[in-house]
Amino acid sequence: MSQITLPIGPQHPLLKEPMALRLGVEGERVVSAEVEIGYVHRGIERLMQERTYLQNMVVVERICGICSHAHATAYCQAVEALLGVAVPARAAAIRVLFCELERIHSHLLWLGVLAEAIGFTTIFMYAWREREHALDAMESISGGRIAHGANLIGGVRADLTPDLAIALGSALRTIEERLGLFDDLVERDRSFHRRTQGIGLMTLDLVRAQGVVGPMARASGASYDVRVDAPYAAYSWLRPPVPVTEEGDVWARAWVRVREIRHSLAICRQLIVSLPEGPLAERVPHRVPAGEAVIRIEAPRGELLYYIQSDNSDSPARVKVRTPTLPTLMALKQVLPGLQTGDIATVVAGADLCMACADR
Amino acid sequence: MLDRVVRWARKRSPWLLHYNSGGCNGCDIELLDLLTPRYDAEQLGILKEASPRHADLLICTGPVTLKSREPLLRIYAQMPEPKWVVALGSCACSGSVFRDCYHVMGGIDRLLPVARYIPGCPCRPEATAAALKDLLESL
Amino acid sequence: MHVLQALGEMLIFPGALYGLIISMLLAWLDRKLVAVMQGRVGPPIYQPLADTIKLFAKEDLDTEGVNPTLAGLLPVVALACTMTAALLVPVGNHAVISFQGDLVIALFLLSLPTLALFMAGWIVPSVYNVVGGNRTLLQYFAYEVPLLLGLAAPAAFSQSWRITDLMARQAGYRWFVLGMPLGFLVSSMGLIGKLERVPLDAPHAKAEVGAGPLTEYSGRKLAFWRLTSWLQTVVGINLMIAVYLGGADRMWRYWGLGTYLLKMLAYLGGLALVQVLYARYRVDQVSRISWRVLVPLGLLQLLVTVWLGA
Amino acid sequence: MSPIDQVLELLRGQGAFHEPFEQIAGGDCVVSLEPSRLLPAIRRMLEAYPELHLSAMTARHDASGLVVLYHLWLGWGLSLRVVVPNETVELPSLLDDMPAADWYEREAHELYGIRFSGRQELSPLLTSQSLGGRPPMGPNRGGGG
């Protein structure tokens, strides 16, 4: 049978962000896959060397518009580690609150994108409608819907006042009530199962070999979650449960994420009732003593790694950002061959790619 | 007369094509958000189209990375006249924080004629909707 | 006088003009219903008209490597076939043209636009068009048989392939849908496939193949294709109403058209509901379900009908 | 024995390292290696720690030239530090033992100009051809800014 090349991207309705897939297709089956990235490469790592630590706070939030708070948190933690500053307990808790709200919004966004890819526009609409409540909550606390600007080096800028806590509580309740729909979708909806079960299988071996992290890895049976394995900020006392399943297909990824939304809601609620008292931030100097720091945190898509080298000046000598999408992409390259052409969209959308993160 | 009918129709049927030329994703999801229940841009006749051939408005986000240059020009060339380019977000307007990066051109207007600039980092869906409505009124 | 009346019926009611207006109204209502069910507001009532006028006023790019005559001709042929089919299928309880076997001819005329659509995708040297066109054809093979089987049961029962005869057999609320629900479901699935609606919209699944066979078409050609698809929806619904839902019932003396319109809205509402509730099938899943589920069910309905009717 | 001591014991068996480890900010341990010892060390550790994965690779400038860090995760963070000799700017490729190194090596090559022996394809991963192939973060930086 003759082979044709099916190019997807850089502009394609499946991709919210540009990347290019070149798929060799025989009939309705994919036989080879090439992935090209870099369309969003802005050179942020070098940009950050040319800006001061303070200016970089703006830059890191603009690496990715979906997990902006995760980037800011990782960056702040790295600089704080270099400074030897411990963040006040209240600040650590508010950071985690934003991390979890961001996880809720990111996972709902992903569910919507996946649903749209399998032609289920209603779920896309509903998921994004519930997502608004998480965005509203973050906006009311920090003033930013997408780029929150909640973090400071040394603490946080935004406080959860009692009246904001009440508003947050009602937003969480709304999301929780409507989450039942997505539970039903994952657990019972036949038409969803038909398009996701047994599709895009990723074995535990592949996950290990490519270093895949986050919900993608947890859907294939790897239980790695930085929040539990190397707790940071307030996770040392929060200890979220880690949902793990072994199917390794797109359905399992949906299952893991819907569970995680529930756990995130529980963490937020726990934080509202047991938010430590105290100051919001420590005063920190502009100059950072020479040293190196490696920080890992659990972004919505998995382990996010920041490496910062300082040289006793007011701007970093080297910042390295490794985002969870990169290993996912490498693994995706090996998952795509063998798929039906009709499943490409499901698998690519189901991988929760964030090109802005991956390309930097 | 015919002219007025056509103008009436154009104002009410803007089909979008979205291209991210290297932005952070923030504006892109806010644009997509415009289609969802809270904002529902379909009221304005806005549809998000899959093919450049079907589109009237090219909504561009991002500061135009060097690698995005070619695809952007190609997409614009594929769109049938009359067509308009909208620069969505501060990056697309001027390059914003990425202005001087080695892989960035800085602003959609370096490449294409821009009909509307919508600043914001990222732009809220309300701002986008208002600017698009304004653009359509001015046609 | 007869000539004038015939012309009027063809061009104005229930022919071309009425067909266009009602198809645009239904296209709007369809989008509106889906939007409302998804918690949105949806488009204003003039939306399909504005879309169409805008497309006609837009530049019509010729795609490289495509014969412009053929590319321009295919949508016109498709629209013409659909319009002819519209004349055969009763609006309310009156068909412009009616003869023995018109049901088969109407189905045939409705198949031609699908084949034209496949051709339209196939002649463009672009992967999405070709893949979309291929899927159109694959899906055509899958749904055409269930559609035919589903419509054959009432025809076998009435021992006539004339649509008006089928309607006459249902007079007095003896709708075939009550006696042959399986046939109704099977042919409705077939119709959804023909109209390429969710869940059988793989040929133009946005996330997979862009706009499918129409990806490279713009301006006037695109407008013609869209009109064709809207008109097909109307004809398809009319056909189902005539064959299964008894056409226009005479509740009171003058209210025949009213019941017909109600049925049309109800059927469209059903289609919109299906669109809201289901995810898309893959093309191979469509074929499998068609041959393993729909075709046996359709055959069963046909056999039962023949056995009971004999 | 603490986890890091176990690793050091493992590497010592290979004669692989020549400095005691240091603990850097954020809690990761850093162990310095000779470039020639990198591959054997990685192989040994892969055998001993099945759950090990490569999180990232960082290249950076140093007074002595270029330094490359391999950030590993074995249930805790460990980074291997290798100094790239200025004369060759070359390191052994980990691709065969660690598929995850694929894109990280390509990135280090295009941004810093490091060569990796033992692998063919090192086409640019992120940057455009129009940058002229000069590594934008290497010693002779290309591009604007």
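Worth pointing out:
- Unmet criterion (only one of (1) out of contact with any Ser or Thr (no Cβ under 9 Å at 6 or more places or on another chain); (2) surrounded by 22 or more Cβ atoms within 10 Å (Cβ to Cβ); (3) more than 24 Å from C:Arg40 (Cβ to Cβ)) for A:Leu168: (1)
- Which listed residue is out of contact with any His (no Cβ under 6 Å at 6 or more places or on another chain) and either modelled with pLDDT under 90 or crowded, with 23+ Cβ neighbours inside 10 Å (or both), from A:Arg322, A:Arg262, A:Arg269, A:Arg257: A:Arg322
- Positions within the stretch C:1-50 being touching an Asp or Glu at 6+ places or on another chain (Cβ under 7 Å) and more than 12 Å from every other protein chain (Cβ to nearest Cβ), in sequence order: C:Gly15
- Of everything listed in (1) assigned to a helix (DSSP H, G or I); (2) of a type in the set (Val, Ile, Thr); (3) in contact with a Phe, Trp or Tyr (Cβ under 9 Å, 6 or more places away or on another chain), the single unmet condition for C:Thr69 is (3).
- Residues being assigned to a loop (DSSP other than H, G, I, E, B), among the hydrophobic types (A, V, I, L, M, F, W, C) and over 13 Å from D:Ala101 (Cα atoms) - total across the stretch A:196-214: 4
- Selection from the stretch A:315-348 of residues that are in contact with a strand residue (DSSP E or B) (Cβ under 7 Å, 6 or more places away or on another chain) and of a type in the set (Gly, Ala, Ser): A:Ala317, A:Gly338
- The one condition in (1) farther than 21 Å from B:Ile29 by Cβ; (2) of a type outside the set (Phe, Trp, Tyr); (3) surrounded by 20 or more Cβ atoms within 10 Å (Cβ to Cβ) that B:Arg99 fails to fulfil: (3)
- Exactly one residue among A:Ala81, A:Ala70 is among the aliphatic types (A, V, I, L, M) and either closer than 15 Å to A:Leu152 by Cβ or away from chain B (no Cβ under 14 Å) (or both), and that residue is A:Ala81.
- Residues of the stretch C:174-200 satisfying the condition of being surrounded by fewer than 21 Cβ atoms within 10 Å (Cβ to Cβ) and within 14 Å of chain A (Cβ to nearest Cβ): C:Arg197
- Exclusive hit being among the small types (Gly, Ala, Ser), within 30 Å of A:Phe182 (Cα to Cα) and at pLDDT below 90, set A:Ala147, A:Ala70: A:Ala147
- 1 or more residues more than 7 Å from every other protein chain (Cβ to nearest Cβ), over 21 Å from C:Gln47 (Cβ atoms) and in contact with a strand residue (DSSP E or B) (Cβ under 9 Å, 6 or more places away or on another chain): qualifying strands (runs of 3 or more DSSP E) within the stretch B:1-100: B:57-61, B:84-88
- A single member of A:Ile175, A:Ile153 is farther than 23 Å from A:Arg322 by Cα, surrounded by 23 or more Cβ atoms within 10 Å (Cβ to Cβ) and either modelled with pLDDT of 90 or more or within 14 Å of another protein chain (Cβ to nearest Cβ) (or both), and it is A:Ile175.
- The number of residues in the stretch D:71-110 that are within 14 Å of chain B (Cβ to nearest Cβ) and either in contact (Cβ under 8 Å) with a residue 60 or more places away in the chain or within 19 Å of A:Val294 (Cβ to Cβ) (or both) comes to 1.
- Of the residues making up the stretch A:243-293, those that are in contact with a strand residue (DSSP E or B) (Cβ under 7 Å, 6 or more places away or on another chain) and of a type in the set (Gly, Ala, Ser) are A:Ala281, A:Ala290, A:Gly291, A:Ala293.
- A single entry from A:Ile8, A:Ile94, A:Ile63, A:Ile104 fulfils the requirement of being in contact with a Lys or Arg (Cβ under 9 Å, 6 or more places away or on another chain), touching a residue at least 24 places away in the same chain (Cβ under 8 Å) and more than 14 Å from chain B (Cβ to nearest Cβ): A:Ile104.
- Under the condition of being touching a residue at least 12 places away in the same chain (Cβ under 8 Å), among the acidic types (Asp, Glu) and either part of a strand (DSSP E or B) or over 30 Å from A:Arg46 (Cβ atoms) (or both), the residues counted in the stretch D:26-70 number 2.
- Positions within the stretch C:260-286 being of a type in the set (Ser, Thr, Tyr) and more than 30 Å from A:Phe182 (Cβ to Cβ), in sequence order: C:Tyr260, C:Tyr267
- Taken over the stretch B:99-126, the criterion of being among the hydrophobic types (A, V, I, L, M, F, W, C) and under 17 Å from B:Gly62 (Cβ atoms) is satisfied by B:Cys101, B:Val104, B:Met105, B:Ile108, B:Leu111, B:Leu112, B:Val114, B:Ile118, B:Cys121, B:Cys123.
- Residue check for D:Ala63: aliphatic (A, V, I, L, M) and at pLDDT 85 or above: no
- Members of the stretch A:27-50 found to be facing chain B (nearest Cβ under 10 Å), in contact (Cβ under 8 Å) with a residue 40 or more places away in the chain and surrounded by fewer than 19 Cβ atoms within 10 Å (Cβ to Cβ), listed by number: A:Glu50
- Scanning the stretch A:305-348 for residues that are in a helix (DSSP H, G or I) and more than 10 Å from every other protein chain (Cβ to nearest Cβ), we see that the one that is nearest to the chain's Cα centre (by Cα) is A:Thr325.
- Of the listed requirements (1) within 18 Å of the chain's Cα centre (by Cα); (2) within 11 Å of another protein chain (Cβ to nearest Cβ); (3) in a helix (DSSP H, G or I), A:Ile123 misses just one: (1).
- Check on A:Arg103, over 20 Å from C:Arg197 (Cα atoms), in contact with a helix residue (DSSP H, G or I) (Cβ under 6 Å, 6 or more places away or on another chain) and either aliphatic (A, V, I, L, M) or at pLDDT 90 or above (or both): yes
- The residue that is surrounded by the fewest Cβ atoms within 10 Å (Cβ to Cβ), among those in the stretch C:218-250 that are basic (Lys, Arg) and in a helix (DSSP H, G or I), is C:Arg220.
- Answer residue from the stretch B:102-139, given it is part of a loop (DSSP other than H, G, I, E, B) and of a type in the set (A, V, I, L, M, F, W, C) and is nearest to D:Tyr112 (Cα to Cα) among those: B:Met105
- The combined condition, being within 13 Å of chain B (Cβ to nearest Cβ), closer than 15 Å to A:Tyr306 by Cα and of a type in the set (Lys, Arg), is not fulfilled by A:Arg129.
- Matching residues in the stretch C:268-290 - criterion: being of a type outside the set (Ser, Thr, Tyr) and at pLDDT below 90: C:Gln275, C:Val276, C:Leu277, C:Ala279, C:Arg280, C:Arg282, C:Val283, C:Asp284, C:Gln285, C:Val286, C:Arg288, C:Ile289
The values are calculated or read from the model by the stated rules, or taken from the named source; none is laboratory data. If you're wondering where the values come from, they're calculated on a predicted model, not measured in any experiment. Quick reminder, even Gly has a Cβ in these numbers, built from the backbone with ideal geometry, and neighbours come from all protein chains shown.
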